[in-house]
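The values are calculated or read from the model by the stated rules, or taken from the named source; none is laboratory data. Nothing here was measured: the structure is a model prediction, and the numbers come from that model. Every residue, glycine as well, gets a Cβ built from its backbone with ideal geometry; the counts of neighbours run over all protein chains shown.
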Amino acid sequence: MMTESYKVSRAHHPEDRTVIVRGTVIGGDRVVVMAGPCAVESREQVMAAAESVSRSGAKLLRGGAFKPRTSPYAFQGMGEEGLRLLREAGDRFNLGVVTEVMDASQVPMVGEYADMFQIGARNMQNINLLRAVGKTQKPVLLKRGMSATIEEWLCSAEYIAAEGNVNIVLCERGIRTFEPMTRYTLDLSAIPVVRSMTSLPVIVDPSHATGSRAYVMPMARAAVAVGANGLIVEVHPSPETALCDGSQALTTDDFEHLMNDIRSMAPIVGMRLS
Ligand code: PEP
Ligand code: MN
């Protein structure tokens, strides 16, 4: 399916591509960490999260304002007010802002506030959305669909690149397997495979992959060990009160420990924490 003529293929562009998000370079030998709550819940919550993740060394703030929840009755996000709070927190703590855009019609509005569009696993093959972000020059974080092959994932990246936007960062976030003890199964072998097939940066989301706080840190360290260009991690100032994904959120203290681990580990694999 994917050929050497694809813009995202390693054959088409042998050198590693880099994507710059609000001055932070993603790709090459840097490990860039994006962190923050699953969802923006309030001004206090997002400010507390941003302050602590920036102090620990994260470069981007994550947080959903539009949440693709499994149940229609679960918290759906704060919408545009959430985007406003993210922007304010990003500016105040000097963090880039990455947030999910769920539909092509939202691209202009989300683009007004965000430094990077996040396309969620459930939307990896939303072709109109891929084309819409492809028509902008804003960086895109493209998550792997929970049942998507690596080739399908790269074909989705090509939809974005085909429209003229090659500022794409891939994100492995776990795939569905027969194993129920973790939320998904983190496919870490995808990292070296993807890095051989494409020159785009690829990062790992150990939070959604495992679903449990206790498993996030070991899998985050493992992701760095296999050569990921970064991580996106859920961190909440008080996980027990989180409106979304509290059981997988790191506390701010956990996150600081993780960053210290990564800072010392990355050089072993020829990388450095950005
Ligand atoms: C998220 O990062 O908030 C999210 C919903 O993740 P995913 O699309 O990987 O399920
Ligand atoms: Mn989440």
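Evaluated against (1) away from ligand 2 (no atom under 16 Å from the Cβ); (2) surrounded by 23 or more Cβ atoms within 10 Å (Cβ to Cβ); (3) free of Cβ contacts under 8 Å to residues at least 60 places away in the same chain; (4) closer than 23 Å to Thr99 by Cβ, Gly164 falls short on exactly one condition, (2).
Can you go through Thr210, Thr182 and tell me which one is polar (S, T, N, Q) and farther than 18 Å from Gly120 by Cα?
The conditions single out Thr182.
Met217 fails exactly one of the following numbered conditions: (1) within 16 Å of ligand 2 (Cβ to nearest atom); (2) under 30 Å from Arg43 (Cβ atoms). What is the number of that condition? Only one criterion in (1) within 16 Å of ligand 2 (Cβ to nearest atom); (2) under 30 Å from Arg43 (Cβ atoms) is unmet by Met217, namely (1).
Of all residues in segment 220-231, which are farther than 14 Å from Gly27 by Cα and surrounded by 20 or more Cβ atoms within 10 Å (Cβ to Cβ)? Of everything in segment 220-231, those that are farther than 14 Å from Gly27 by Cα and surrounded by 20 or more Cβ atoms within 10 Å (Cβ to Cβ) turn out to be Ala220, Ala223.
Of these, Ala11, Ala39, which one is within 15 Å of ligand 2 (Cβ to nearest atom) and either within 22 Å of Ser156 (Cα to Cα) or touching a residue at least 12 places away in the same chain (Cβ under 8 Å) (or both)? Even if it seems obvious, please write down each step before you answer.
Working: Ala11 fails: within 15 Å of ligand 2 (Cβ to nearest atom).
Only one candidate qualifies: Ala39.
Please count how many residues of segment 181-198 are in contact with a Pro (Cβ under 7 Å, 6 or more places away or on another chain) and of a type outside the set (A, V, I, L, M).
Within segment 181-198, the first condition is being in contact with a Pro (Cβ under 7 Å, 6 or more places away or on another chain), and the residues that meet it are 186.
From the residues that got through so far, the ones that are of a type outside the set (A, V, I, L, M) too are none.
Selection size over segment 181-198: 0.
Across segment 42-81, the number of residues qualifying as more than 30 Å from Gly270 (Cβ to Cβ) and either away from ligand 2 (no atom under 16 Å from the Cβ) or over 16 Å from the mean Cα position of the chain (by Cα) (or both) comes to 23. Of everything in segment 150-167 that is under 18 Å from the mean Cα position of the chain (by Cα) and in a loop (DSSP other than H, G, I, E, B), the residue that is nearest to Arg183 (Cα to Cα) is Asn167. On the stretch given as segment 121-179, residues that are out of contact with any Phe, Trp or Tyr (no Cβ under 9 Å at 6 or more places or on another chain), away from ligand 1 (no atom under 16 Å from the Cβ) and of a type in the set (Lys, Arg) total 1.
Just to confirm my filter: which helices (runs of 4 or more DSSP H) fall fully inside segment 178-274 and include at least 3 residues that are in contact with a Ser or Thr (Cβ under 6 Å, 6 or more places away or on another chain)? Walk me through how you get there before you give the answer.
Numbers: elements: 190-197, 206-210, 213-225, 252-265.
Where helices (runs of 4 or more DSSP H) fall fully within segment 178-274 and carry at least 3 residues being in contact with a Ser or Thr (Cβ under 6 Å, 6 or more places away or on another chain), they are 252-265.
Candidates Ala214, Ala228, Ala242: the one that is within 24 Å of Ser147 (Cα to Cα), aliphatic (A, V, I, L, M) and either away from ligand 1 (no atom under 14 Å from the Cβ) or modelled with pLDDT of 95 or more (or both) is Ala228. When Gly64, Gly77 are checked against the criterion of being within 12 Å of ligand 1 (Cβ to nearest atom) and at positive phi, Gly77 stands alone in meeting it.
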